[in-house]
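So the structure is just underneath, and the comments pick up after that.
Nothing in this text is a laboratory measurement; each read-out follows from the coordinates by a stated rule. For clarity, every value in this text was computed on a predicted model and none was experimentally measured. Every residue, glycine as well, gets a Cβ built from its backbone with ideal geometry; the counts of neighbours run over all protein chains shown.
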Amino acid sequence: MPDRRPPDRPWPRRSRLAIAAALGLVATLAAQSLPLPNTPGSLKFAAIGDNGTGDTEQYQVGQQMTALHKTFPYDLVIMLGDNMYGGQSPSDFVRKFERPYAELLKAGVIFRASLGNHDRPENVNYKLYNMEGQRYYSYVRGNVRFLALDSTQVDQKQLAWLEATLRDAKEDWKVPYFHHPLYSNAARHGSSVDLRVLLEPLFVKYGVDVVFSGHDHVYERVKPQKGITYFVSGAAGQLRRGNMRPDPNETAGYFDQDQSFMLVEVSGDQMNFASIARSGKVVDSGMIRRQARGTAQGAGEEDRVPVVTGGNDDGR
Amino acid sequence: MAAEPRRSRAARLRASVPRLSQFALEHLLLLPLGAGIALIWANIWPESYFQTSYAAAFAINDVAMVFFFALMTKEVVEATAPGGVLHPWRRAWLPVIAAIGVATIPAWLHTNLVDYFDEPMLVSGWPVAFTIDVALAYFVARLVFGPRHPAIPFVLVLSIAADALGFVALAITDPTPFRPAGLAGVVVAMAVAGGLRRSGVRSFWPYLAGPGTLSWIALLWSGLHPALALVPVLPFLPHAARDPGFFVDAPEGARDTLSQFDRVCRYPAQAALFLFGLINGGVPLHAFEAGAWALPVATIVGRPLGLLAGVAFARAIGMHMPHRLSWRSLVPLGFATASGFSVGLFFTTALIPPGQLRSEISMGVLITAVLGPVLALVTGWLTKARYGEGPAPDA
């Protein structure tokens, strides 16, 4: 039974030390068996979605991320929206963001947020989200162009910006991330088809390989759709236990029994991923090989067959 | 002995269905029909629905809806003629003042409720809380109060004024960049329409082809909604000396320009309304988050409160309530005006781009369109608001 003691009423010091030691041990053991190449010089990042509850579970995910950072030194965390629930005062930013990820922030890990429906529009200005005051923005890390989108309001201006950014991108990988999933087989929300109709044609046209989203409070890896692998990772604080209704035609892997987050490593044409539960257990992992394409744009459907390997050890 | 009360109930039921114009009746049927089909379509074949909806959005929302707003403007223009609810203007002041409360209190509630429902992004939908579907409010008020109750002209003026305030709010908050110079084109269109009228042009076609087209282009260019293109032009069309009544079909023999326009444009407007419901009413039911309740709660609670506050303010500055319009009757009246429906959906599509916010606000509009009339009927029955059969008090 997970503990729901609020973080402002912590355990007694002795208990905290014991819990931290136990978690550290579990995390260390788990990290040793992370199914990621952990190649020096590769781009390593984490993905969290729907995290900002301020509850104990969010703190425990944060501890797991911190523990794994020691052996898998990622320096970027992409945030998939609903970064904060409920109150969003300065003290909430401390309780629901700065404190759970304090060690990562101290270690210089950069968080790059996209906003969800529970976030306040003005949060684009919160310094540690690194959003440059924009609802949508892009940046480059290694050979990857990340595009953080605002899926809550997809206006013509954003679509024009997205098309121009994808068209002009010279990087090998283009990785959009945003809150509402274009494909999801969770019962609560499911696929945002209204957005899929707008965004997917651009992703296909300009050779996107991987998309990350949250919103549904589960983990799901979707089989490549028109050549694109979609991840739903919306359980880094919230959880809708047992909410997945896996579709054999779409679902490649899923986990809906505990909070989770993702670790990703990009090296050349290869992207390795692992989804990790709050307990430290790896619940899904695999590799995506970038699609073969002559030019950045206009890849034919026949060229868009990514190699994706991976599997759940225990979906439920 | 038993047959008499049965006949009496049947007669009362028949009498309770207002005699409305064909346009108003079809407004009340075609728009819900379109929205109902859209709801089913969007939830069974969402991909084809949204592809169709996005492809048709400009043609329907920005072009075809010109005829709907033109016919609504025609009703308002005629209402300023002798016998109309806006004639003389002095008579309309109390509901106009009350409209400020009716529009702003639900909007204020909405901006606060979205925090309660933990969906702060929904705050941008506040102008939708201003809107009142004039035809729906009129229809429900006639059912609740009877056709000759002074609440009927009151509700019409109230709805028109609240929508007018809503359009101001929409213009202020519309994210489309605004080019004020474009308004010069609208002024020119009005001047040309005035010139046509002074020249004695009796056909409405030159008004549509010249000033109407110019106004549409100017509004589009300026960043304001081009569906309102005929709103500044219609007042220049020659109209009947007396108002035939709100939502009353133009008599067959009427030869004034506005009545001719009504007869010809009624059918395009009906088609536009159906298609408008069809392409904008499709809300994925999985988008039905707690936030979708913010708008219905704000309007259902805020409308009667706003009406009471607005009327209290108007009374405090020396205005008088219409004869036989009691404080108690303001409650069902408030519920009758709760729904924005056609105008609410129009504001939603104009203001909020595709995505979850639009879905939630649209869902809120649809919920209110059902809840508002039901509550109006229930509270009207509880407060015994309806007139008996007899002469109107102000007749």
Per-pair calculated FRET efficiency, R0 = 35 Å: B:Ile172 and B:Ala209 via Cβ, rounded to 0.05: 0.65
Per-residue average of Cβ from other chains inside 10 Å of B:117-127: 4
Max mean-square fluctuation residue, GNM over chain B, Cα-Cα springs under 10 Å, options B:Thr299, B:Thr173, B:Thr349: B:Thr173
Proximal charge balance of A:Tyr139 [Cβ under 11 Å; K/R count +1, D/E count -1]: +1
Amide H contacts of A:Phe111 (H built 1.01 Å from N, under 5 Å, at least 5 apart or other chain): A:Val77
Chain B - convex hull of the alpha-carbon atoms, volume per residue in Å³: 153 Å³
Percent of beta bridges antiparallel (DSSP, the protein assembly as shown, rounded to nearest 5): 70 percent
Charge-dipole axis of region B:113-254 as Lys and Arg at +1 and Asp and Glu at -1 on Cβ define it, positive-most pick from B:Val168, B:Gly185, B:Phe117: B:Gly185
Peptide A:204-216 - average C-beta neighbours from other chains (10 Å radius): 0
J(HN,Hα) series, region A:41-56, from Karplus relation 6.51 cos²θ - 1.76 cosθ + 1.60, nearest Hz, glycine and proline x: x, 6, 7, 10, 8, 10, 10, 10, x, 6, 9, x, 8, x, 7, 4
Net charge, B:Pro175 excluded, C-beta distance under 12 Å - Lys, Arg +1, Asp, Glu -1: 0
Under-5 Å amide H pairs with A:Ala186, H placed in peptide plane, nonlocal only: A:Arg245
Protection proxy ranking of B:146-158, A:177-189 - average other beta-carbon atoms within 10 Å, highest first: A:177-189, B:146-158
C-alpha center-to-center spacing [region B:302-325, region B:110-183] in angstrom: 18 Å
Full-stretch length increase - B:Phe313, B:Trp45 - with 0.36 nm per residue and alpha-carbon distance subtracted: 91.5 nm
Subset of A:Lys106/A:Lys127; A:Lys70/A:Lys281; A:Lys157/A:Lys226; A:Lys205/A:Lys226; A:Lys44/A:Lys70; A:Lys70/A:Lys223 violating a 20 Å alpha-carbon distance limit: A:Lys157/A:Lys226; A:Lys70/A:Lys223
Debye, to nearest 20: dipole size of the protein assembly as shown, +1 on Lys, Arg Cβ, -1 on Asp, Glu Cβ: 1640 debye
Order of B:Trp126, B:Trp221 under a 10 Å beta carbon neighbour criterion, fewest first: B:Trp221, B:Trp126
Net charge, B:Pro284 excluded, C-beta distance under 12 Å - Lys, Arg +1, Asp, Glu -1: -2
Per-residue ³J(HN,Hα) for region A:61-71, Karplus 6.51 cos²θ - 1.76 cosθ + 1.60, θ = phi - 60°, Hz, x for Gly and Pro: 5, x, 5, 5, 4, 5, 5, 6, 4, 5, 9
Whole-Hz couplings from phi, Karplus 6.51/-1.76/1.60, listed for region B:35-48; x for Gly and Pro: 5, x, 4, 4, 4, 5, 4, 5, 9, 9, 10, x, 4, 5
Cα→Cβ-extended label distance, 7 Å offset, between A:Lys70 and A:Gln270, nm: 2.7 nm
Per-peptide average of other Cβ atoms within 10 Å, ordering A:244-253, B:63-72, B:198-207 highest first: B:63-72, A:244-253, B:198-207
Only Lys, Arg (+1) and Asp, Glu (-1) charged, at Cβ; chain B dipole about Cα centre in debye: 1480 debye
Approximate spin-label separation B:Phe58-B:Ser199, in nm, with each point projected 7 Å along Cα-to-Cβ: 3.1 nm
Region A:158-213-region A:225-274 distance, computed between alpha-carbon centres (Å): 15 Å
Student exercise, region A:78-137 dipole from Lys, Arg, Asp, Glu Cβ charges, in Debye to nearest 20: 80 debye
Relative contact order of chain B, defined on C-alpha pairs under 8 angstrom at six or more residues apart (%): 31 percent
Average beta carbon contacts from partner chains per residue of B:348-360, 10 Å cutoff: 5
Long-range HN-HN contacts of A:His217 with modeled amide H, under 5 Å: A:Arg240
